[in-house]
Amino acid sequence: METAVRAAVAIAQDPDNPLDCLRVREVPLPEAPEGWVRVQVKASSLNQHDLWTLRGVGHDPENIPIVLGCDVAGVTEDGREVILHPVIADPDAGAGDETLDPRRALLSERHDGGFAEYIAVPERCLIDKPKHLSFEEAACLPVAWGTAFRMLFGRAQAKPGESVLVQGAGGGVTSAAIALAAAAGLRVFVTSRSEEKRLQALELGAAAVFASGERLPERVDYIVETVGEATWAHSLKCLKPGGAVVVCGATTGFDPSADLARVFYQQLRVLGSTGSTLEESRAVARFVELKGLRPRIDRTLDLEQIGDGFAAMADGDLNGKIVVTI
């Protein structure tokens, strides 16, 4: 086996010119200490987290350089086809929930990620790849679909027959949330500025779609919120009394008006959600296989083209995931 492998590496951080900090170059073949395994990467998908790392948002500069990539599908040295649970953490340190471990780390935060020919991870992170999915499709599951699954069923604890509004169509988490919620028997409403993305949300299983900020015909039980400032006021207005907005991101800003009067008078709940547990990642794989769901892929690139993928993500003109084949 070779001693060096090709990888996409964050070599620096720059909030204004993040793509200047990306290099495809050779790195040492990762070692697998006791309890870890080495996986040959077949595909890895892009996430906003990778772009934030290049911008220096939420990533310790002491961990630069580092191989990017949180989502991985590949093959173990004994031939097992797997996807990788992306959270490196100790469940005991989080009182049974590894996402609450204060030292939890997503792949590519403290440990090299999946935009490389090989990756080393704890053995507990291996999950059997759903048989009906290609490696490219499977590489879309761990972060986006795991995040959406936890938001809907771990944090909100949504049930069939209830209603959910997904703010903003087209991204990895929102596309996953639409498909998962519809398959689980929820009534799904979706907003988007784009008519094309609204139509595509209907294809994923949405019951009805609306322009961003448009008044809904009824209030909903839950909101899937990834947009932040631009949609926050609308999200709170769309909730039933006692409803919950579940937040996993804020791509348009972190500091909207809290509207506390509405929150306490309507007894609304604001639930933060980050990543997924190993059991939730396993549940996603089982559910996707049971329902025959397939992640939506916007485009597939090879490793040398990864900069083009990040440029498209920065522009925001996507419908589904960008996948890199290794």
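Each value in this text was obtained by applying a stated rule to the coordinates, not by laboratory testing. Please read all numbers here as calculations on a predicted model, not as lab measurements. FYI the Cβ positions are ideal-geometry reconstructions off the backbone, even for glycines, and counts take in every protein chain you see.
Counting only DSSP beta bridges with both residues in the chain, tell me the antiparallel percent, nearest 5.
So the antiparallel bridges amount to about 55 percent of the total.
Specify the angular offset, from 0 to 90 degrees and rounded to the nearest 10, of the alpha carbon long axis of helix 172-183 from the longest principal axis of the alpha carbons in the chain.
It is inclined by approximately 60 degrees.
Hey, quick one: spin label on THR325, modelled 7 Å out along Cα-Cβ, who in segment 2-22 has an amide N within reach, i.e. under 19 Å?
6-8
Angle check, please: helix 195-204 long axis (alpha carbons) against the longest principal axis of the chain (alpha carbons), in degrees 0 to 90, nearest 10.
Here the helix axis deviates by roughly 80 degrees.
Before rounding to the nearest 500, sum -39500 (n - 2.57) across all DSSP H runs of length at least 4 in the chain and divide by the residue total; then give [θ] at 222 nm in deg cm²/dmol. Don't jump to the answer; show the numbers that get you there.
Values: 9 runs with 77 residues, N = 326.
One gets -6500 deg cm²/dmol as the mean residue ellipticity at 222 nm.
How high is the relative contact order of the chain? Use alpha-carbon pairs under 8 Å, at least six apart in sequence, and give a whole percent.
18 percent
Read through the labelled values (i) 97, 39, 37; (ii) 77, 40, 40; (iii) 61, 42, 39 and report the label of the one computed as Cα extents along the principal axes in Å from the structure.
Of the listed options (i) 97, 39, 37; (ii) 77, 40, 40; (iii) 61, 42, 39, (iii) comes from this structure.
Between ARG38 and GLU123, what is the spin-label point distance in nm, taking each point 7 Å from the Cα along the Cα→C-beta axis?
1.7 nm
Report the FRET efficiency, 1/(1 + (r/R0)^6), for LEU290 and GLU81, where r is their Cβ-Cβ distance and R0 is 25 Å, rounded to 0.05.
The computed FRET efficiency comes out at 0.90.
Grab the Cα-Cα distance for ASN63 and LEU199, subtract it from 0.36 nm times how many residues apart they are, and report the gain in nm with one decimal.
That works out to 44.8 nm of additional length.
Given the peptides 212-221, 129-138, arrange them by the average over their residues of other C-beta atoms within 10 Å, most packed first.
Going from most to least packed, we get 129-138, 212-221.
Based on the Cβ-Cβ distance from ALA258 to ASP14, what FRET efficiency comes out when R0 is 25 Å, to the nearest 0.05? The partial results should precede the final answer.
Details: r = 32 Å, r/R0 = 1.27.
Rounded to the nearest 0.05, the efficiency is 0.20.
Taking Cα pairs under 8 Å and at least six residues apart, what relative contact order does segment 145-272 come out at, in percent? Walk me through the numbers on the way to the answer.
On the way: 277 pairs, mean separation 28.7, N = 128.
RCO, segment 145-272: 22 percent.
Give me the net charge of LYS131's neighbourhood, meaning all other residues with Cβ under 11 Å from the Cβ of LYS131; Lys, Arg count +1, Asp, Glu -1. If you can, show how the numbers build up before the last one.
On the way: positive: LYS129; negative: GLU81, ASP128, GLU289.
Cβ neighbours under 11 Å give a net charge of -2.
Cross-link candidates for LYS159: which lysines have Cα within less than 17 Å, leaving aside residues fewer than 8 places away along the same chain?
Output for LYS159: LYS240, LYS291.
Starting with the highest mean, order 252-262, 85-95, 147-157 by the number of other Cβ atoms within 10 Å, averaged over the residues of each peptide.
147-157, 85-95, 252-262
Name the residue, out of LEU268, LEU204, LEU106, whose mean-square fluctuation peaks in a Gaussian network model built on the chain with Cα pairs under 10 Å.
Judging by the Gaussian network model, the answer is LEU268.
Mind putting a number on the dipole of the chain about its Cα centre? Charges go on the C-beta only, +1 for Lys and Arg and -1 for Asp and Glu, and I need it in Debye to the nearest 20.
Here the size comes out at about 1360 debye.
Find the centroid of the Cα atoms in segment 43-78 and in segment 124-157, then give the distance between the two in whole Å.
Value for the Cα centre distance between the two parts: 17 Å.
Please give me, ordered by residue number, the trypsin sites (Lys or Arg not before Pro) of segment 53-120 that lie in loop per DSSP and have at most 12 other Cβ atoms within 10 Å.
On the way: sites: ARG55, ARG80, ARG103, ARG104, ARG110; in loops: ARG80, ARG103, ARG104, ARG110.
Answer in residue order: ARG103.
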